[in-house]
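Let me begin by presenting the structure, written as structure tokens, before commenting on it.
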Amino acid sequence: MENKKTVMDADGIDRSLTRMAYEILEKNKGVEELALVGIRSRGVFLAMRLQQKISSIEKKEVPLGILDITLYRDDLQSSHPRPLLGKTEIPFSIDGRKVVLVDDVLFTGRTIRAAMDALIDFGRPKMIQLAVLIDRGHRELPIRADFVGKSLPSSLWEAVSVHLTEKDLSDDVIVEIK
Amino acid sequence: METEKNTRKLDRKDILGIKELSVEEINLILETADSFLEVSTREIKKVPTLRGKTVINLFYEASTRTRTSFEIAGKRLSADTVNITASTSSVVKGETLIDTARNLESMNPDIIVIRHSAAGAPHILARVLKQSIINAGDGAHEHPTQALLDMMTIKSKKGAIAGLKVAITGDIAHSRVARSNIHGLTKMGARVFLAGPATMMPYGMEKMGVTVAGRIEEAIEDADVVMALRIQTEREKQCIFPSLREYAAHFSLNKRNIGLARKDVMIMHPGPVNRGVEISPDLADSASSVILEQVTNGVAVRMALLYLLAGSGNA
């Protein structure tokens, strides 16, 4: 039996991102005060793609930041050797902005908790929203996404992996029995 | 494009010297430090990463830069940092190093940073204690965090270390900074040239993979990096050179001899600078000087080490 299934291909990902770009603009009534912050690593590429889509729809640039949440993780006490630390680059003030956090998969919600704590160390955003390509359920914290590419009910023994050509060989989402 | 980094890790309890580090470990530390630079530019210069961890700075020798740098690094990571200076501690009552260390251990710190005038003191602690030990300078042996911040500064300015010509000038014999940098820079593929008075040049330095130059001009010629070492007046009890003036006349970096180096040469000094002795004041303050960037990078390097080591001792 095949234990590997492609649930989204390149076109599917692109269509979802296009819809999410429109939804972000609709909900925020344009790009005023808007900023995108991608969570390392694949959230960054998704945020870049959303930024492009938004700018081609509205003809306006939305500022883009990169967030590494490693220093805010809640499992660092027990993780040795340490996870690799990437750079955080938020080259604009987030004070008073509507910040859309972007990540590939929403699962337990712990990454997003860490991302919100990190973000708030940079200032006081007017609002934080969440955009994810895949919501696979199994939340361990009271967190939900505002913009979802695909809701994918999954079991805990399945692995959901998002591949993006910026980092991987192809654009697709794969579910695999572990 | 990011490479797959999951296998990259610093799997050791202590940082005692550059000699035992691999190129991969050095690169990991430098890249981690590079990521930490940003934290010190924030308005809120603090991340919660080492909440509840305790770092003890045990300094048996005078220090401003290194001790402050470790303290700030610990605090920016939310660790509790405690400074112990030998002159105000039980050391003056005659307590031995190992007794002091065992007593500190009983208070359950996570990392002990030690500077000591005796080479090997950090190694003794690393053997005796379960905590992580970081060497902040042991005698004339090693000063690994200084070499790491120097390499970080070179890498950030020059892009890479491999292939560069680096001149290290001055008191090689007493310098743990020189020894750590020689280990590090040669591992990373730089060509290292040493220059200094014969009385300050140990025999057999060539065995470390460096070239010993007869005159300072030979070391500086076409150099990408020139690192002047401090004349350690506190260690020069026996007369190694006639006078500071005579030393300066032959071995000071100045506008004249630096002209032999490459146009884009970077000038480094581990501090504290004896102005007019190792380096002329105008050069120390010139656009080629990266002395203050070294200090900024020092905090980031120490944050990286505290981050990478914390937890390894008790795990």
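The values are calculated or read from the model by the stated rules, or taken from the named source; none is laboratory data. Being a predicted model, the structure only gives us computed values, none of them experimental. All Cβ positions, even for glycine, are placed from backbone atoms using ideal geometry, and neighbour counts span all protein chains on display. Protein only, heavy atoms only, side chains kept; ligands, DNA and RNA dropped before computing areas. Shrake-Rupley method; radii C 1.70, N 1.55, O 1.52, S 1.80 Å.
Computed values, structure above
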{"item": "Förster radius 45 Å - calculated FRET efficiency between residue B:8 and residue B:99, Cβ distance, rounded to 0.05", "result": "0.70"}
{"item": "Charge dipole of the protein assembly as shown about the Cα centre (unit charges at C-beta), most positive-ward option of B:94, B:228, B:33", "result": "B:94"}
{"item": "Potential extension, residue B:106-residue B:19 segment - 0.36 nm per residue separation minus Cα distance", "result": "28.3 nm"}
{"item": "Chain A - share of DSSP beta bridges that are antiparallel (%, nearest 5)", "result": "35 percent"}
{"item": "Chymotrypsin sites (Phe, Trp or Tyr not before Pro), loop per DSSP, at most 14 other Cβ atoms within 10 Å - longest free stretch of chain A", "result": "A:1-91"}
{"item": "Highest-fluctuation residue, A:152, A:101, A:50 considered, GNM on chain A with Cα pairs under 10 Å", "result": "A:152"}
{"item": "Sequence-distant lysines (8 or more away, or on other chains) whose Cα lies within less than 17 Å of residue B:263", "result": "B:157, B:158, B:165, B:255"}
{"item": "Pairwise centroid distance, computed over Cα atoms, of the range B:142-189 with the range B:193-236, Å", "result": "12 Å"}
{"item": "Isotropically averaged projected area of the range A:1-157, using the convex hull of Cα atoms (one quarter of hull area), nm²", "result": "10.4 nm²"}
{"item": "Simple spin-label estimate for residue B:89 and residue B:295 in nanometres, 7 Å along Cα-Cβ", "result": "2.5 nm"}
{"item": "Residue-wise HN-Hα coupling along the range A:44-49, computed from phi with Karplus coefficients 6.51, -1.76, 1.60 (Hz; x: Gly, Pro)", "result": "5, 5, 5, 5, 5, 5"}
{"item": "Computed magnitude of the charge dipole of the range A:6-90 (debye, nearest 20; Cβ of K, R +1, Cβ of D, E -1)", "result": "100 debye"}
{"item": "For chain B, calculated [θ]222 nm from helices alone, where every DSSP H run of n ≥ 4 adds -39500 (n - 2.57)", "result": "-10000 deg cm²/dmol"}
{"item": "Nitroxide proxy distance, nm - points 7 Å out along Cα→Cβ at residue B:160 and residue A:138", "result": "4.2 nm"}
{"item": "Note, ³J(HN,Hα) from phi for the range A:96-112, Karplus 6.51, -1.76, 1.60, rounded to Hz, x at Gly and Pro", "result": "x, 8, 8, 9, 9, 6, 10, 9, 7, 10, 9, 10, 6, x, 5, 4, 5"}
{"item": "Under 5 Å, built H, 5+ apart or other chain: amide partners of residue A:37", "result": "A:65, A:100, A:101, A:102"}
{"item": "With all protein chains modelled, accessible area of residue B:244 [1.4 Å, Å²]", "result": "80 Å²"}
{"item": "³J(HN,Hα), Karplus 6.51/-1.76/1.60, whole Hz, each residue of the range B:147-159, x for Gly, Pro", "result": "5, 5, 5, 5, 5, 4, 5, 5, 4, 5, 8, 9, x"}
{"item": "Calculated FRET efficiency for the pair residue B:78/residue B:243, C-beta based, R₀ 45 Å, to 0.05", "result": "0.40"}
{"item": "Beta bridge orientation in the protein assembly as shown: antiparallel %, DSSP, nearest 5", "result": "20 percent"}
{"item": "Dipole moment magnitude, nearest 20 debye, the range A:86-178 about Cα centre, only Lys, Arg, Asp, Glu C-beta charged", "result": "420 debye"}
{"item": "Net charge dipole size for chain B [Lys, Arg +1 and Asp, Glu -1 on Cβ; Debye, nearest 20]", "result": "340 debye"}
{"item": "Two-site label geometry, residue B:208 and residue B:27: point separation in nm, points 7 Å out along Cα→Cβ", "result": "2.4 nm"}
{"item": "Reachable aspartates and glutamates from residue B:45, criterion Cα separation under 17 angstrom, eight or more residues apart if same chain", "result": "A:68, A:89, A:95, A:117, A:121, B:34, B:71, B:80"}
{"item": "Dimensions (Å) - the protein assembly as shown, Cα atoms, principal axes, largest first", "result": "79, 54, 49"}
{"item": "Residue B:279 long-range amide H proximity, modeled H, under 5 Å", "result": "B:253"}
{"item": "Sparse-neighbourhood loop sites, GluC sites (Glu not before Pro) in the range A:98-178 - DSSP loop, at most 12 other Cβ within 10 angstrom", "result": "A:140"}
{"item": "Top of B:282, B:14, B:222 by mean-square fluctuation, Gaussian network on chain B, Cα under 10 Å", "result": "B:282"}
{"item": "Top of A:16, A:79, A:154 by mean-square fluctuation, Gaussian network on chain A, Cα under 10 Å", "result": "A:79"}
{"item": "DSSP beta bridge pairing in the range A:74-178, given as percent antiparallel to the nearest 5", "result": "35 percent"}
{"item": "Sparsely packed GluC sites (Glu not before Pro) within the range B:50-101, loop by DSSP, other Cβ within 10 Å at most 15", "result": "B:95"}
{"item": "Net charge of Cβ neighbours under 12 Å - reference residue B:279; Lys, Arg +1; Asp, Glu -1", "result": "0"}
{"item": "Sequence-distant residues sharing a close amide H with residue A:69 (under 5 Å, placed H)", "result": "A:40"}
